[in-house]
Amino acid sequence: MDSKNVVAFQVVTFCICLAVANSVEFSYPAVFNFGDSNSDTGELAAGMGFLVVPPYGKNYFKTPSGRFCDGRLIVDFLMDAMKLPFLNAYMDSVGLPNFQHGCNFAAAGSTILPATATSISPFGFGVQVFQFLRFRALALQFLQVSGKKFDQYVPTEDYFEKGLYMFDIGQNDLAGAFYSKTLDQILASIPTILLEFETGIKKLYDSGARNFWIHNTGPLGCLPQIVAKFGTNPSKLDELGCVSSLNQAATAFNIQLQSFCSKFKGQYPDANVTHVDIFTIKSNLIANYSKYGFEQPIMACCGYGGPPLNFDSRVSCGLTKILNGTTITAKGCNDSSVYVNWDGTHYTEAANQYVASQVLTGNYSNTLLGDKIPFLL
């Protein structure tokens, strides 16, 4: 398919979904997001001085925005659908950030379990929750002292109560563990991971949160980084070219995550809980990529090494290194709109746009409060 036609197809598809979604009145005045690189809008870059270089951000923002993508993330498209501004990262103090309609605590590399000395991000889920609690306390204190003239900068108390609390985290707990543990060990660790998640969710509930929007984890075995590391033996791959064991772990995690959502709703009947099946959306995209206008379902757009994966762990997207005496630069492809994967670990803006459009249909949401999707009240 011609690249112009691909873009047109994706834009039309997304606009149709937005037309349906925007015909419903959204009821959330603010969004508070927790997660990893799938929804990080600049937290790791701001909090750790992590350098995100071109060609990251080459689409839409036209410059690196702290996002690990060539453009917008799923959370950005969802914010657009809610007619709310993009979420500023909690730790980003540059550029006059405005937190009136929410805040993003997600940080790339974060896990549900507490960070260790070898973790990429120190902002594990528990830390993100504590950051939110501090943010909420200071915001309310600020409003009490300063008056209403400053409520355009931070959420009011009713915004915290009526806001949507979004979660997309757990990928790094599973994928990272495969470097040192067996599949059986990882499967055995899932209840512990979800117990930590439950602890954080309950703290948010105790602070007044009532609307919970929880993404499950995607097909980890289909990431080029994972295939390059664990898929060198063809017997380890499934019919799509993905590492079976990683997807098995993701599936097990997602089943138990959904069970947690049901249990949580049973314990707290006044909570609105939605479990969103991101795994199925992304798996369907990879399995039927050409149907949705894509040409490369697994190969990274920005990387080094060429087909079939275009991924080399020694040189990251946008960076230059000397390998065996030769200067190598991991460059971006000419047209990222036909790639599902951006840099070996993260999806392209085009793929994120597709995923968001499917989320907005409501077809992949398991709602635990009746026949309505709480996201589309």
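The order of the peptides 321-334, 237-250 by mean Cβ neighbours within 10 Å, most packed first, is 237-250, 321-334. For every helix of n ≥ 4 consecutive DSSP H residues, a contribution of -39,500 (n - 2.57) applies; sum these over the chain, divide by its total residues, and give [θ] at 222 nm rounded to the nearest 500 deg cm²/dmol. When only DSSP H runs of four or more count, the value is -12500 deg cm²/dmol. Peptide packing for 61-71, 168-178 was compared via the average number of neighbouring C-beta atoms within 10 Å per residue; ordered from the highest value, the list is 168-178, 61-71. Kirkwood-type hydrodynamic radius, the range 3-368: 20.9 Å, calculated from all non-identical alpha-carbon pairs. In terms of packing, defined here as the mean over residues of other Cβ atoms within 10 angstrom, the peptides 288-294, 52-58 line up highest first as 52-58, 288-294. Summing Cβ point charges (Lys, Arg +1; Asp, Glu -1) relative to the Cα centre of the chain gives a dipole of roughly 340 debye.
Distance between the C-alpha centres of the range 226-240 and the range 86-163: 39 Å, rounded to the whole angstrom. Centre-to-centre separation between the Cα atoms of the range 329-356 and those of the range 174-200: 28 Å. Nearest 5 percent is fine: what portion of the DSSP beta bridges confined to the range 3-368 is antiparallel? Looking only at bridges with both residues in the range 3-368, the antiparallel portion is about 35 percent.
Taking a ≥ b ≥ c as the square roots of the eigenvalues of the Cα gyration tensor, an a/c ratio of 1.5 or more together with a/b no larger than b/c marks the range 46-203 as oblate.
Helix screen, the chain: DSSP H segments with Cα axial length of 30 Å or more and mean Kyte-Doolittle hydropathy at least 0.5 are 125-146. In percent, rounded to a whole number, the relative contact order of the chain is 20, using alpha-carbon pairs under 8 Å and six or more apart.
Here, each number is a calculation from the coordinates, and none is a lab measurement. Just so it is clear, the structure is predicted and the values come from calculations on it, not from any experiment. Note that each Cβ is placed from the backbone with ideal geometry, even for glycine, and that neighbours are counted across all protein chains shown.
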